[in-house]
1. Looking only at segment B:55-76, count every residue that is in a helix (DSSP H, G or I) and either facing chain A (nearest Cβ under 8 Å) or touching a residue at least 40 places away in the same chain (Cβ under 8 Å) (or both) and tell me the total.
2. What number goes with the only condition from (1) in contact (Cβ under 8 Å) with a residue 12 or more places away in the chain; (2) facing another protein chain (nearest Cβ under 9 Å); (3) among the β-branched types (Val, Ile, Thr) that A:Val178 does not pass?
3. Among the numbered conditions (1) over 24 Å from A:Ala191 (Cβ atoms); (2) open to solvent by 80 Å² or more (accessible area, probe 1.4 Å); (3) out of contact with any His (no Cβ under 9 Å at 6 or more places or on another chain), tell me where B:Leu107 comes up short.
4. In segment A:100-118, what residues are open to solvent by 20 Å² or more (accessible area, probe 1.4 Å) and more than 12 Å from the chain's Cα centre (by Cα)?
5. What are the pairs with Cβ atoms under 9 angstrom where one residue, in segment A:40-58, is on the phi > 0 side of the Ramachandran plot and within 10 Å of chain B (Cβ to nearest Cβ) and the other, located anywhere, is among the polar types (S, T, N, Q) and assigned to a helix (DSSP H, G or I)? Sequence gap at least six, or different chains.
6. Return the only residue of A:Gly68, A:Gly51, A:Gly28, A:Gly9 being surrounded by fewer than 19 Cβ atoms within 10 Å (Cβ to Cβ) and either in contact with a Pro (Cβ under 8 Å, 6 or more places away or on another chain) or of a type outside the set (D, E, K, R) (or both).
7. Is there any pair with a first residue in segment B:6-17 that is within 7 Å of chain A (Cβ to nearest Cβ) and open to solvent by less than 70 Å² (accessible area, probe 1.4 Å) and a second that is at pLDDT 90 or above and not in a helix (DSSP H, G or I) whose Cβ atoms are under 9 Å apart and which are 6 or more apart or on different chains, and what are they?
Amino acid sequence: MKRTMLIQGLKAGIPIALGYIPIAIAFGILSRAEEIPIEVSMLMSLTVFAGASQFVAVNLLSLGTGIGEVIVTTFILNFRHFLMSASLFQRIEKNLTMKKLSVLSFGITDETFSLASVTELDHEERLPFNYLFGLMLISFFAWNVGTWIGLFMGNILPTLIQNSMGIALYAMFIGLLVPAVRKSIPLLFVALIAMTAHSLLILLPFLPSLSSGWNVVIATILASFIGTLIIEKEAFQ
Amino acid sequence: MTSEPNLFRIFILVIGMSLVTYIPRALPMLFLKEFRLNPSVENFLKLIPYAALGALIFPEILFSTNHMASSVTGGILAAVVAYFKGNLLIAVVAGIFGTVLYQWLFL
């Protein structure tokens, strides 16, 4: 039973892995181009495991930005995982040890969180540790393998494919969102409010221009808050 | 960027990045059980995935490839497939296929 859950998690993570590899390759290629030492890029993918912030860090480093500023930017970009961690915790099997929880925490990304959150398993009300561990493991593995490919094999992908791979993760987000909102009008509203709020935060000139990390956090909180106010409990559970 | 003191500084930087990324990921998981959440907070947390997906998709998807129309083509194809098939992997492949096809045909 435990083993099948692990395998089920690994299988569920294949779409994430598929999306991560080309992006991680791009990260490897970019770090090489910006002359970041190879061991640093590898360590970053191993210990940070958060796509956008790694790209930004490499970019800032190449511009000669100070360490403190890069760390603060990373914190701001990745703070959304705080919300995701709180949300996901409600769906994980109960009474896990601190050790297991601290392992699962490391694997929270936009993609693993989104996939885990919309997953309904047969016979299990909450997500077992092994399932989540498998899901996160294959994602982590793909992210690191992709980084190495980018670092050591560089531009082996044809330009056409390289240019098109940016869509992969967004296609995955769409693949997660569409089936959920198809069944529930209130969830559709929440997603549309979040899209609108995020666009307004970027477009409106009188709002302070924030980093994209904060924009996502604010749009998410706002849409969930409005959703909580207008949706009755029964509507989504 | 390869001289010794610089390499050391970058290692410190990576350690710092990993800490400020890990701590927000871990705090709610490790300490939330101390509290009993009230139902509206629980509902709020349940909506977060869908709100986050919305905010992550739009408008960033428009700039996800080097050509906006190709991103939109891929996005729409992924949405159509997800709507009718409901299979994640096929939706991802459809999204990539739509984008590649557009770039191949029109660029």
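The values are calculated or read from the model by the stated rules, or taken from the named source; none is laboratory data. Since we're looking at a predicted model, the values are computed, not measured. All Cβ positions, even for glycine, are placed from backbone atoms using ideal geometry, and neighbour counts span all protein chains on display. The accessibility values were calculated without ligands, DNA or RNA, using every heavy atom of the protein model including side chains. Shrake-Rupley method; radii C 1.70, N 1.55, O 1.52, S 1.80 Å.
1. The initial filter retains those residues of segment B:55-76 that are in a helix (DSSP H, G or I), namely B:55-57, B:60-63, B:68-76.
From what is left, the residues that are either facing chain A (nearest Cβ under 8 Å) or touching a residue at least 40 places away in the same chain (Cβ under 8 Å) (or both) are B:55-57, B:60-61, B:70-71, B:74-75.
Going through segment B:55-76 one residue at a time, the tally reaches 9.
2. Every condition holds for A:Val178 apart from (1).
3. The single condition B:Leu107 does not satisfy is (3).
4. Matches in segment A:100-118: A:Lys100, A:Ser102, A:Val103, A:Val118.
5. Close Cβ pairs (under 9 Å, with a partner that is among the polar types (S, T, N, Q) and assigned to a helix (DSSP H, G or I)) amount to A:Phe49/A:Ser139; A:Phe49/A:Asn144; A:Phe49/B:Ser18; A:Phe49/B:Thr21.
6. Values: A:Gly51 fails: surrounded by fewer than 19 Cβ atoms within 10 Å (Cβ to Cβ); A:Gly28 fails: surrounded by fewer than 19 Cβ atoms within 10 Å (Cβ to Cβ); A:Gly9 fails: surrounded by fewer than 19 Cβ atoms within 10 Å (Cβ to Cβ).
The unique qualifying residue is A:Gly68.
7. From residues that are within 7 Å of chain A (Cβ to nearest Cβ) and open to solvent by less than 70 Å² (accessible area, probe 1.4 Å), the pairs are B:Leu7/A:Pro37; B:Ile10/A:Pro37; B:Val14/A:Val48; B:Met17/A:Val48; B:Met17/A:Ala50.
Table: residues versus (1) of a type in the set (Lys, Arg); (2) more than 30 Å from B:Asn87 (Cα to Cα); (3) touching a Gly at 6+ places or on another chain (Cβ under 6 Å).
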position: A:Ile7; (1), (2), (3): no, no, no
position: A:Ala12; (1), (2), (3): no, no, no
position: A:Ala17; (1), (2), (3): no, no, no
position: A:Ala24; (1), (2), (3): no, no, yes
position: A:Phe49; (1), (2), (3): no, no, no
position: A:Leu60; (1), (2), (3): no, yes, no
position: A:Leu96; (1), (2), (3): no, yes, no
